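What follows is one structure encoded as structure tokens, with my remarks underneath.
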Amino acid sequence: MSSSLSRRDVLKKLSAFTGAAALPLSSWATNDAGEPIMLPDLKATPPPAKPVTVITCGAGNRGNVYGNFAAAYPDMLDIVGVAEPIAIRNERYATKHNIKAENRFKTWEDVFKKPKFADAIIITTPDDLHYGPCMKALEMGYDVLLEKPISPSEKECRDILAMAKKTGRIVAVCHVLRYAPYFVRLRELMHNGSIGNIISVQHLEPIEHTHMAHSFVRGNWHNSKQTTPIILAKSCHDLDILRWLIDKPSQQVHAFGSLDWFTAKNAPEGSTARCMDGCKVESTCPYSAMKHYYHERKRTYVFDLPEDKSKQGDYILDQLRTTNYGRCVYKMENDQPDHYIANLLFENNITASFSMEAFTSYEGRRTRVMGSMGDIVGDMSEFKITDFRTGEVRTWSQKSDGHGGGDWRLAANWVQAVAKQDASLLTSTIDASIESHLMGFAAEKSRLNKTVERVSL
């Protein structure tokens, strides 16, 4: 989602679709980038008696997803503080949410130097900065909305779980696919007898080739040792949704994958260190930074563009000259696999295969469920269910945003849980979400060591 939506803009866009304060399941709006926003079902998650007050640690892309929710639903969520070291992000976030100067901080550590002044903390910092603020927030009595992954470290994941149990605070992990209507309905059909017993599941995450280059070759997650292995950074959503759909404990995992294309040996003749350095193949390269960021203006949210659109072009060019986003994809210090397969065994001998693929022309997860009496084939916007007994084929379809409509539905659900102090209202508590992380750690160990690994809580 775009991070440039103001409170007024959000409400204006939403009112154009709803014409009323109550926003039903089927209501839609778009952000400034024209991307659809699926609105929460307020019948299921009604506004609390008073807004839940929160402090956001990390005012980047994900911080603004939940910030935009607060702007659209001020009767549900009120952002009263922000911690963000990048000055322009800090300023824009504070202005959008009318945050007092004394509640604006450069670092998450600064937040906790003050006595508790909100109900909860939203943690959308970089992956390796989840543990510190989460542990401190729990210690000081804050409830937490924690962006995935929980942490790049298995020990830290377990520590957070233990601290949540010790303090009795609510920790929701942003496994937003659990809240997407597509996956909610898919899970219902898997467990209501429509296809008999679940036998096996196949699940594909097509990253899309330019998305891969943006996030995992040039971007923040290009180096697994400095950030998080891709199986967690990108695909803990997928491991989590497999665990949730199947609804049985995972037992074993066997994984394969490697970095094969985005390496120096594949650099075309005539390529240069940066796309702007006179590269002879830039005009025909599918990964051209000039094409992607400057000409097509895709994923430019990473640049914190100036508000004046007449200055944005020159600003982008400067970023391409000075940051990793302008570098050749074959000459980066990246180590993330560009293809990854994990075979999983769940309780009751249910098998699942997961494939993460960089080299696709499309995004949007694909799932196939094989049951004893039928099967389901879907692509996150539509699925077909076939009944082997009758031969009947039914179709379910619904528009969706990038996370299937789960982002704002998670936010609404978390607000309700915090307001009522009832973690059972949540689908993605720390207790429910941690197993998928353990599956990811086991998969990465399997991939690196060429072993079959057990998954144990």
Picked from the range 186-216 (must be β-branched (Val, Ile, Thr) and in contact with a strand residue (DSSP E or B) (Cβ under 9 Å, 6 or more places away or on another chain)), the residue surrounded by the fewest Cβ atoms within 10 Å (Cβ to Cβ) is ILE199
Scan the range 91-119 for residues that are assigned to a loop (DSSP other than H, G, I, E, B) and closer than 28 Å to ASP308 by Cβ and jot them down. HIS97, ASN98, ILE99, LYS100, LYS106
Kindly indicate the residue of the range 161-185 that is aliphatic (A, V, I, L, M) and surrounded by fewer than 21 Cβ atoms within 10 Å (Cβ to Cβ) and also modelled with the lowest pLDDT among those meeting that condition. VAL184
Given the condition outside the structural domain of GLY141 (by TED's automatic domain parsing) and of a type in the set (Phe, Trp, Tyr), answer yes or no: does some residue in the range 412-424 qualify? no
For the range 320-330, check the following and say yes or no: at least one residue is loosely packed, with under 15 Cβ neighbours inside 10 Å and part of a helix (DSSP H, G or I). yes
All conditions in (1) in contact with an Asp or Glu (Cβ under 7 Å, 6 or more places away or on another chain); (2) surrounded by fewer than 24 Cβ atoms within 10 Å (Cβ to Cβ); (3) of a type in the set (A, V, I, L, M) are true of ALA49 except (1)
Can you pull out the residues in the range 338-363 that are β-branched (Val, Ile, Thr) and either assigned to a strand (DSSP E or B) or over 20 Å from the mean Cα position of the chain (by Cα) (or both)? ILE341, ILE350, THR351
Counting just the residues of the range 427-454 that are over 23 Å from the mean Cα position of the chain (by Cα) and part of a loop (DSSP other than H, G, I, E, B), which one comes out surrounded by the fewest Cβ atoms within 10 Å (Cβ to Cβ)? LYS450
Kindly check whether there is at least one residue in the range 258-276 that is closer than 30 Å to LEU242 by Cβ and in contact with a helix residue (DSSP H, G or I) (Cβ under 6 Å, 6 or more places away or on another chain). yes
Please work out which one of (1) loosely packed, with under 15 Cβ neighbours inside 10 Å; (2) in the same structural domain as PRO46 (by TED's automatic domain parsing); (3) within 23 Å of the chain's Cα centre (by Cα) is the condition SER397 fails and give its number. (2)
Of the residues in the range 82-113, how many are under 17 Å from ALA137 (Cβ atoms), in contact (Cβ under 8 Å) with a residue 12 or more places away in the chain and out of contact with any Ser or Thr (no Cβ under 9 Å at 6 or more places or on another chain)? 7
Which residue, of PHE105, PHE69, PHE117, is of a type outside the set (D, E, K, R) and surrounded by fewer than 19 Cβ atoms within 10 Å (Cβ to Cβ)? PHE117
Please enumerate the residues belonging to the range 230-252 that are under 20 Å from LEU457 (Cα atoms), touching a Phe, Trp or Tyr at 6+ places or on another chain (Cβ under 9 Å) and buried (at least 20 other Cβ atoms within 10 Å of the Cβ). ILE231, LEU232, SER235, ASP238, LEU239, ILE241, LEU242, ARG243, TRP244, LEU245, ILE246, SER250
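The values are calculated or read from the model by the stated rules, or taken from the named source; none is laboratory data. In this text the structure is predicted, and so the values were computed from the model without any measurement. Cβ coordinates were reconstructed from backbone atoms using ideal geometry, including for glycine residues, and neighbour counts include every protein chain displayed.
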